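Below is one structure; the comments refer to it alone.
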Amino acid sequence: MKKANNPAMEHLLRLAHEASKKAHAPYSNFPVGAALADEKGEIFLGANVENVSLGLTICAERSAVACAIAGGASKLKAIAIYSPEANEPLHPCGACLQVLAEFAEDMDIYSGSADGKTLHTTLKELLPRAFRR
Ligand code: THU
């Protein structure tokens, strides 16, 4: 894992922070925002959307993927995630990693916590053996 310090990452993390303000997280009180960049440099946002039937909750990362694909993206390059409630930079959950792997062999994953810590990992690092056919 590398400590993140590049301008593209800082920009995506700022957008993820903004996106976290749109989260619908009344059950966990853990809002998460995501900002996803495709190969063309277009950026798409997502936030977690919880449901009273808790298992129907959508994570911020998958919300951003749906937004990106519906918006015309095909290959994904980088994602940033942020929660104001996170004491440490988050990793995407396993389900989200597999969904990201549908649209990228590998990609940068940036994460930020409320006290300003950042982390740069990659999809291959977090999910080295994604299910692929
Ligand atoms: N959550 C995300 O949106 N992304 C993650 O990477 C981890 C967890 C959401 C799901 C749920 O709404 C809340 O955070 C608490 O788990």
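Overview of results
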| quantity | calculated |
| --- | --- |
| Residue-wise HN-Hα coupling along region 7-20, computed from phi with Karplus coefficients 6.51, -1.76, 1.60 (Hz; x: Gly, Pro) | x, 4, 5, 4, 5, 5, 5, 5, 5, 5, 4, 4, 4, 5 |
| Orientation-averaged projected area, Cα convex hull of region 68-133 (nm²) | 4.9 |
| Integer Hz, Karplus 6.51/-1.76/1.60 couplings in order for region 114-120, x for Gly and Pro | 4, 8, x, 5, 10, 8, 10 |
| Where labels lie 7 Å past Cα in the beta-carbon direction, separation of V52 and D115 in nm | 3.8 |
| Ranked F30, F131, criterion: other C-beta atoms within 10 Å, fewest first | F131, F30 |
| Separation of the T122 and H24 label points, Cα + 7 Å toward Cβ, nm | 3.7 |
| Region 1-63: projected area of the alpha-carbon convex hull, averaged over directions, in nm² | 5.2 |
| Rough spin-label spacing in nm, given labels placed 7 Å along Cα→Cβ, for E102 and F131 | 1.2 |
| Globularity ratio of the chain, using Cα Rg and 2.2 N^0.38 Å | 0.96 |
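Here, each number is a calculation from the coordinates, and none is a lab measurement. As the structure is a computational prediction, the values presented were derived from the model and not from experiment. Neighbour counts run over all protein chains shown; Cβ positions are idealised from the backbone, glycine included.
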